[in-house]
Ligand SMILES: [Zn+2]
């Protein structure tokens, strides 16, 4: 019977335990592949990350917390967007026009000089922050998109 004295891990860092058999020269690597990769200065190919239940629980809590923070941030953006309205009637009319087309088209991406990302929020941020010139370009692009959809 082989008496296993101690157990060490593969020197390449792959996480594989190596059994040291007394009377034998201690092995450093679990496999020829790990030895070769280590000699070439490469990381092991099969890194095994062992996560304890406590760590898993902590990570899940962190994810839940980040999800909540993200939802709160999105709510805040929505609130700020609805509060920040322009007093310029021309801009207001452009915004309304874009809003209507956006709703009709379900907020697609628009190809103008600067890109409006898809989604209601991206459109609204754009409508509030951009100049009238950019809004007109967006209207033209959106109306073109509307023609292509119909
Ligand atoms: Zn290894």
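Structure data summary
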| item | result |
| --- | --- |
| Whole-Å distance, taken between Cα centres, linking the range 18-59 and the range 74-90 | 55 Å |
| Value of Rg to Rh for the chain (Rh from inverse mean 1/r over Cα pairs, i.e. Kirkwood) | 1.40 |
| Along principal axes, Cα extents of the range 15-103, largest first, whole Å | 89, 32, 19 |
| Debye log10 I(q)/I(0) for the range 82-150, one point scatterer per Cα, at q = 0.12, 0.16, 0.23, 0.27 Å⁻¹ | -0.26, -0.46, -0.96, -1.33 |
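Read-outs throughout are calculated quantities, based only on the coordinates presented, and are distinct from any laboratory measurement. Keep in mind that this is a model prediction, so the values were computed, not measured.
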